[in-house]
1. Given the condition within 15 Å of K137 (Cα to Cα), open to solvent by 50 Å² or more (accessible area, probe 1.4 Å) and either at pLDDT below 95 or in contact with a strand residue (DSSP E or B) (Cβ under 8 Å, 6 or more places away or on another chain) (or both), answer yes or no: does some residue in region 73-91 qualify?
2. For region 28-67: of the residues being open to solvent by 60 Å² or more (accessible area, probe 1.4 Å) and among the basic types (K, R), which is nearest to the chain's Cα centre (by Cα)?
3. Could you list all residues from region 69-79 that are farther than 16 Å from V89 by Cβ and touching a Phe, Trp or Tyr at 6+ places or on another chain (Cβ under 9 Å)?
4. In region 81-104, how many residues are over 14 Å from S118 (Cα atoms) and touching a Cys at 6+ places or on another chain (Cβ under 7 Å)?
Amino acid sequence: MDNPKKTVLHGWHGEQGANMASFGNYDMPLWYKTGAKAEHLAVILAAGIFDTSHMAAVAVRGQGARELLQLCLSKDLRTCVGKEKTPLVAGRCVYGVFLDDDGTVIDDAILYQLQVDSFMVVVNAGMGGVVAAHLRKHANSPDVAIEDLTDKVGKMDIQGPQAA
């Protein structure tokens, strides 16, 4: 691949001896010294950490941010958390999709509420600008700030039955 992108954590992976390869136009780690099989088993049986910095992130902040996301995301943010159907609050996240005006899926997303009027939307690689533009199109308040953070944020995910 010509000129692959590098995440903000790329240097760290190199220092740890990661075997790197192309994934989604990024130079990403495939496995470390322990080997792919050991890492695979660790995630199935316990937990593993993955660099997901290639995913796009969009910050949505300010008065009216929640209302904008309520309008544009497929989830009802007033009743989206757990069996009790409680509202999304700081420290929690929810999975949903963004739809175009004709009902076509733009992309799926995980919406994190960071603070009362501060949210981070994580979408697939290459979709940060598209989702940010969609949110700007529907923003009715000058107090809402929408920032595409693609390639500016490092993100790690913990997966597996022992992840909690």
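1. no
2. Among those that are open to solvent by 60 Å² or more (accessible area, probe 1.4 Å) and among the basic types (K, R), it is R61.
3. Filtering region 69-79 down to residues farther than 16 Å from V89 by Cβ leaves 71-72, 74.
Matches in region 69-79: C72, S74.
4. Number satisfying all stated conditions: 2.
The values are calculated or read from the model by the stated rules, or taken from the named source; none is laboratory data. What you are looking at is a predicted structure, and each value in this text was computed from that prediction instead of being measured. For neighbour counting, all protein chains shown are included, and Cβ atoms are generated from backbone atoms with ideal geometry for every residue, glycine included. These area figures cover heavy atoms from the full protein model, side chains too; ligands, DNA and RNA do not enter into them. Shrake-Rupley method; radii C 1.70, N 1.55, O 1.52, S 1.80 Å.
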